[in-house]
Amino acid sequence: MEWMNISYFLAFLSVFVASISQILLKRSAEMEHKNIIFKFLNWRVIVGYGLMFGTTILNVFAYRGVELKVTPMIESTGIIWVTILATFLLGEKPSKKVLLSIAVTVIGIIVFSL
């Protein structure tokens, strides 16, 4: 039972880390770069892709103890994390469509959990 709790924690952590990675990559894409080399070889891109690679490793360990039928629910929380991070770190205001998609996601998670 203990391993299962750690697995679920790792699965949610993986989604959260992937969301941070997406924020870093978006921030880099919005910036002006001297040339194409600097567009891909800057710390935001390197750390962003490094985090994405890290999420793959986390998923290997997480999915050993997580039921596969639950993984789509866990992965769907990514839109919530990205919106929260973009609001606080990038100063973006979520659109009505994004808020609606979060509401639908949360309702889907609740229905799935019943």
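The values are calculated or read from the model by the stated rules, or taken from the named source; none is laboratory data. Being a predicted model, the structure only gives us computed values, none of them experimental. Ideal geometry is used to build each Cβ from the backbone, glycine not excepted, and the neighbour counts take in all protein chains shown. Quick note on the areas: whole protein, heavy atoms, side chains included, nothing else; ligands and nucleic acids left out. Shrake-Rupley method; radii C 1.70, N 1.55, O 1.52, S 1.80 Å.
Details
- The radius of gyration of the Cα set in the chain, together with its Dmax, comes out at 16.2, 53 angstrom.
- Estimated 222 nm signal from helices in the chain, with DSSP H stretches of n ≥ 4 weighted -39500 (n - 2.57), rounded to 500: -26000 deg cm²/dmol
- The 3J(HN,Hα) values that the Karplus relation (6.51, -1.76, 1.60; θ = phi - 60°) gives for region 99-108 are, in residue order, 4, 5, 5, 5, 4, 5, 4, 4, 4, x Hz. Gly and Pro appear as x.
- Note on region 9-101: with charges restricted to the Cβ of Lys and Arg (+1) and Asp and Glu (-1), its dipole about the Cα centre is near 180 debye.
- Calculated accessible area for the chain comes out at 68 Å² per residue, all protein chains present (probe 1.4 Å; ligands, DNA, RNA ignored).
- The portion of the accessible surface of region 48-114 made up by carbon and sulfur, rounded to a whole percent, is 75 (1.4 Å probe; DNA, RNA and ligands excluded).
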